[in-house]
Every structure is written in structure tokens, then in C-alpha cells.
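One structure below.
Read the figures in this text as sums done on the coordinates, not as results from a lab. Note that the coordinates shown come from a computational prediction; the quantities given were computed from them, not determined experimentally. Every residue, glycine among them, receives a Cβ derived from its backbone with ideal geometry; neighbour counts consider all protein chains shown.
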């Protein structure tokens, strides 16, 4: 029993040592400013300057137009949303607060999002994100059962909520 406990503790220590720290800020010489890189949280982004300078205005000004009668929570069941963003990027500063407002209206938990912030070269030091195929940020990636069912890149085609609904309906088909 004692050996099992020690083994479990040792494994937990090893995993936490390998874990990518979240909410990491580095100075980006390309963008000439501090930027968030790696995994981050919505709460941290909302407080990080200069990313947060437009945040509340964008969030408050955006009025999502949700399709009536659509069971958004059901459509989102089992869907993972990964957002690759740049705190230095004007489109990220504009689209993220709007997307968060859409998710808030639907009731999607912020803690379920995977937020990955990049440097000015759209890379994350110490983390390989090449599998995401990021060309522009923000990129909103929707996955169901580990398979990508769609993405919104940089700016939506119609609107965030309409583009998201189109993607989520692919899950059903």
C-alpha cells in the first residue's frame, strides 16, 4: 500500500513537471511588446493589457443573432473548441470577446475551451502547434470525437454564431 502511494505521488510530480505552464507572458521582439504564449485562460486574457483594452467594448457591443429553436447545448455536446490566438493581433482582440459572448449566451463553459496564444510568428515556444495548421489568428477549431468538423479562421464568413451553427450541424450529418 505504501509503495503504491509513493508511486502515485512520484507519477503526479513527473506529470506536473512536464506540464506546459499556463498564462505565460514573454516579450515578442517581432511585435515589440509583451505577449501571452502557450495555454491560457479566458480570465487571464480579460485582464492582460494591451489585449484587454478593447475587450469590454467588443463584448458589450456585440449582439449575437441566434437561430430560434436551435438546441445549441445539444449540438455542442461532445464538441471540443480550441482557439489559437495572438494577444498582439487586432482580429483576435475583436473576435475573441464576440465569440465569448456567443458562448456565454449558449451556456458553453469557458473552462471547456482550449486557448492557445502564439507569438508574432504564430508559434509557441516549447509547444508544437504545427498539427493545427495555423496560418492566421484567431482560429476557432471545432472537434467532435477527436476529428475536426470545421474552423473559423480570422474573421467569420457570415457571423460567428452562423458559422458556428453551420459547423455544428456537420456533426449531426
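Rounded to the nearest 500 deg cm²/dmol, what is the calculated helix-only ellipticity per residue at 222 nm for the chain, with -39500 (n - 2.57) per DSSP H run of length n ≥ 4? The partial results should precede the final answer.
Details: 6 runs with 65 residues, N = 173.
The per-residue figure over the chain is -11500 deg cm²/dmol.
Could you please rank 130, 159, 110, placing first whichever residue has the fewest other Cβ atoms within 10 Å of its Cβ? Don't skip to the answer; put the middle values down first.
On the way: 130 8, 159 16, 110 13.
Least to most surrounded, the residues fall as 130, 110, 159.
List the relative contact order of region 22-172 as a percent without decimals, with contacts defined as Cα pairs under 8 Å and 6+ residues apart. Could you put the intermediate results ahead of the total?
Numbers: 241 pairs, mean separation 40.9, N = 151.
Over region 22-172, the number comes to 27 percent.
Please find, in a Gaussian network model of the chain (springs between Cα atoms separated by less than 10 Å), the residue of 79, 35, 157 whose mean-square fluctuation is greatest.
157
How large is Rg/Rh for the chain, to two decimals, with Cα atoms and a Kirkwood Rh? Walk me through the numbers before you get to the answer.
Values: Rg = 17.8 Å, Rh = 17.4 Å.
Ratio of gyration radius to Kirkwood radius for the chain: 1.03.
Within a 10 angstrom radius of the beta carbon, how do 160, 53 rank from fewest other beta carbons to most?
On the way: 160 22, 53 11.
Final ranking by Cβ density, sparse to dense: 53, 160.
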